[in-house]
1. Only residues of region 34-53 count here: report those whose backbone N is under 19 Å from the spot 7 Å along Cα→Cβ of residue 175, or say none.
2. With Cβ to Cβ distances under 10 Å as the rule, what net charge do the other residues near residue 92 carry (K, R +1; D, E -1)?
3. Per the 1.4 Å probe, what fraction of the accessible area of region 90-226, in percent, lies on carbon and sulfur atoms?
4. Tally Lys/Arg at +1 and Asp/Glu at -1 over every other residue whose Cβ is under 14 Å from the Cβ of residue 157; what's the total?
5. Got the relative contact order for region 77-142 handy, in percent, Cα pairs under 8 Å and 6 or more residues apart?
6. Can you tell which of 163, 141, 103 shows the greatest fluctuation in a Gaussian network model of the chain with Cα springs below 10 Å?
7. Based on C-alpha coordinates, I'd like the Rg and Dmax of the chain, in Å.
8. Once the other residues with Cβ under 10 Å from the Cβ of residue 56 are scored (Lys, Arg +1; Asp, Glu -1), what is the net sum?
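The values are calculated or read from the model by the stated rules, or taken from the named source; none is laboratory data. Worth saying up front: this structure is predicted, and the values here are computed from it rather than measured. Neighbour counts are summed over all protein chains in view; Cβ atoms, including those assigned to glycine, are modelled from backbone coordinates with ideal geometry. Ligands, DNA and RNA are stripped out before the accessible areas are found, and what is left, the full protein with its side chains, is counted by its heavy atoms. Shrake-Rupley method; radii C 1.70, N 1.55, O 1.52, S 1.80 Å.
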Amino acid sequence: MKMTTTLSSLVTASLIFGLASTSPQSHAVELSGDITFTSDYAFRGISQTDEAPAIQGGLTLSDESGFYVSVWGSSVDFGGQGTLEFDVMLGWSGALNEDWSIDVGAMRYGYPNTEFAGSNFYELYGSLSYEAFTFGLAYSDDYYANAGTYFYLYGGYSYALTDNLTLDLHIGQNEYDDSAASYLDWSIGLSTEVLGAGLSLAYVDTDIDACNLCDSRVIFTVSKGF
């Protein structure tokens with residue numbers, strides 16, 4: 001059975017469970033969100049906006065038990081083949097102890113006005129964090145544009161340079177059925193907060209040759225949570 005069918009059932013069942021768990025007699029829920037402007041929407045090292053700016057935003061409904069449902073959207077530019085990405089995420093996150101925490105779930109990537117066959121796809125994800133380190137894995141059995149099985153293995157580290165300035169490091173390995181398409185992405189950035197808004201400046205690159213959307217660039221991002 002395709003994972004898309006399995007995940008559809010999982011999402012439906014979990015949403016029903018989530019709605020039931022938000023009744024007045026049960027756990028308290030919280031709604032949060034953010035809006036973001038970025039000079040380039042880079043997804044795992046590859047520009048989704050033809051290296052042009054993007055507007056993004058998301059909403060998350062979370063339960064005190066750790067379960068959450070999120071929706072997220074961004075402008076994209078696929079050369080006339082789509083202008084919008086809209087994602088839905090269902091997961092659970094929580095602390096295992098004082099140092100370790102975990103985040104697991106399922107996500108649907110949606111491109112409602114894209115004409116590519118197989119553009120919408122599902123992904124399972126999980127990450128484990130220890131202090132300032134994060135290690136994660138994502139998996140899809142029917143990746144974007146019918147690319148087949150896909151794994152994404154990544155690691156990240158955030159180091160506080162000062163009370164309000166953080167060094168952010170990231171590296172990820174993208175693995176496809178076709179090993180020739182596999183690639184490495186990485187980024188080095190600085191992040192801070194000014195007047196309640198998050199600011200970041202990051203150098204992003206991949207090891208893909210002869211690809212304008214995959215080459216090195218500096219990306220500036222400003223975001224505001226609410």
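1. It comes to 44-45, nothing else.
2. -2
3. Using a 1.4 Å probe with all protein chains present, region 90-226 comes out at 60 percent carbon and sulfur.
4. Net local charge, residue 157 excluded: -2.
5. It rounds to 28 percent for region 77-142.
6. Of 163, 141, 103, the most mobile in the Gaussian network model is 163.
7. 18.0, 58
8. Every neighbour counted, the sum reads -2.
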